[in-house]
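The values are calculated or read from the model by the stated rules, or taken from the named source; none is laboratory data. On a predicted model such as this, the values are computed, not experimentally measured, just so you know. Every residue, glycine as well, gets a Cβ built from its backbone with ideal geometry; the counts of neighbours run over all protein chains shown.
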Amino acid sequence: METKILEPVGYSKALENLLNIAKNVRKEYPNDQIVLLGGLLNAESVKKELSDLNIRIVDIPFEGFVDYVNNADFDTFFLTSPYGVDKKVIKALKKRKIRYIETTSDLVKGKINFINKYGRHHRIIYVCNLNTVEANYIFKTAKHPVIFYDVNNSSLANQVITEQTSKLNRPSTYILYQSELAGTNFDTSLEYLKAILPYATIAEDVSDENAAKKNELLDILDEENDIIIFAMNTSKRDEYLLDYYHLSTKKVLYAVIKDVNEAMNVNIQNKKRAIIITDGSLSKESIVNISFYFTYK
């Protein structure tokens, strides 16, 4: 069977960068205590790789980072969260002369730059989990006000959007969303915002590193002869996937799988081509193995 993998493949840029740094630090300091300060959203495979490197993840509330640093052993080597780090944390690390490497992803930096550039004359809504490092980092770092929409509840943060719907429903309102965020709550939140703010702009150029892959998929897709393999281990509803990849109006066959074992349960006619696209939650090795299975089955 013919297969085509849409590049780039493998972990998201943020997670790939983090792993590369982690491996280099562990190689240089084989016996030191290394700690990643901040949790990882929807990145179970990466968590395992860090564990195999004997790197501990300190997943505590954002507000507790400074206290943790102030009480850490001097020989601890810190990796900051790829979702951003508060200046107070860096100040605490420097004050105690503790070694660290900042791993903030380019995607997060791009969103900060976007807010700083457009925030003065545009309304910006940030779809997020308010308890995560990235949301707190953006709140602390952005030069202009951001309206936060919490995917986990109907808090007062969300009430602002409901009260200002008439003012926000215009193309000059930009919707950004949190890196690595996935799941039913996120899907529902985006669908809700699209429904009440149909004229708002979803800024995929800074929110979504898969934008180019989505466009390529639409360019090459043959609805009659292709099946799409969504290679991912994050939980997204079918309706969201079809909308996210702009496939809602198309008749396509597709399957969502996270490993070769699940691939074995997918029955595809040999005359069809398998197009494999990923959201950045699986390693390149896993995606290549899935491709090999469909190629030689």
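Take the stretch 227-240 and flag every residue that is over 19 Å from ARG273 (Cβ atoms) and surrounded by 12 or more Cβ atoms within 10 Å (Cβ to Cβ).
Within the stretch 227-240, MET232, ASN233, THR234, SER235, LYS236, ARG237, GLU239, TYR240 qualify.
Just to confirm my filter: which helices (runs of 4 or more DSSP H) fall fully inside the stretch 125-187 and include at least 2 residues that are at pLDDT below 85?
Helices (runs of 4 or more DSSP H) meeting the threshold: 156-163.
Which is surrounded by 13 or more Cβ atoms within 10 Å (Cβ to Cβ), acidic (Asp, Glu) and either touching a helix residue (DSSP H, G or I) at 6+ places or on another chain (Cβ under 6 Å) or in a loop (DSSP other than H, G, I, E, B) (or both), of GLU224, GLU216, GLU209, GLU191?
Going through GLU224, GLU216, GLU209, GLU191 in turn, the sole match is GLU209.
Scanning the stretch 246-279 for residues that are hydroxyl-bearing (Ser, Thr, Tyr) and under 16 Å from LEU218 (Cβ atoms), which turns out surrounded by the fewest Cβ atoms within 10 Å (Cβ to Cβ)?
This residue is THR249.
Listed here are the residues, each with its yes/no results for (1) charged (D, E, K, R); (2) in a loop (DSSP other than H, G, I, E, B); (3) under 29 Å from ASP259 (Cα atoms); (4) without any contact (Cβ under 8 Å) to a residue 24 or more places away in the chain.
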{"site": "VAL9", "(1), (2), (3), (4)": "no, yes, yes, no"}
{"site": "ASN17", "(1), (2), (3), (4)": "no, no, yes, no"}
{"site": "ILE21", "(1), (2), (3), (4)": "no, no, yes, no"}
{"site": "ASN31", "(1), (2), (3), (4)": "no, yes, no, yes"}
{"site": "LEU40", "(1), (2), (3), (4)": "no, yes, yes, no"}
{"site": "ILE60", "(1), (2), (3), (4)": "no, yes, no, yes"}
{"site": "PHE65", "(1), (2), (3), (4)": "no, no, no, no"}
{"site": "ASP73", "(1), (2), (3), (4)": "yes, yes, no, no"}
{"site": "VAL85", "(1), (2), (3), (4)": "no, yes, no, no"}
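Based on this model, can you work out whether LYS236 counts as part of a loop (DSSP other than H, G, I, E, B) and of a type in the set (D, E, K, R)?
yes
When you look at VAL46, is it under 24 Å from VAL146 (Cα atoms), surrounded by 13 or more Cβ atoms within 10 Å (Cβ to Cβ), in contact with a helix residue (DSSP H, G or I) (Cβ under 8 Å, 6 or more places away or on another chain) and among the aliphatic types (A, V, I, L, M), yes or no?
Considered against the rule, which asks whether it is under 24 Å from VAL146 (Cα atoms), surrounded by 13 or more Cβ atoms within 10 Å (Cβ to Cβ), in contact with a helix residue (DSSP H, G or I) (Cβ under 8 Å, 6 or more places away or on another chain) and among the aliphatic types (A, V, I, L, M), VAL46 comes out as no.
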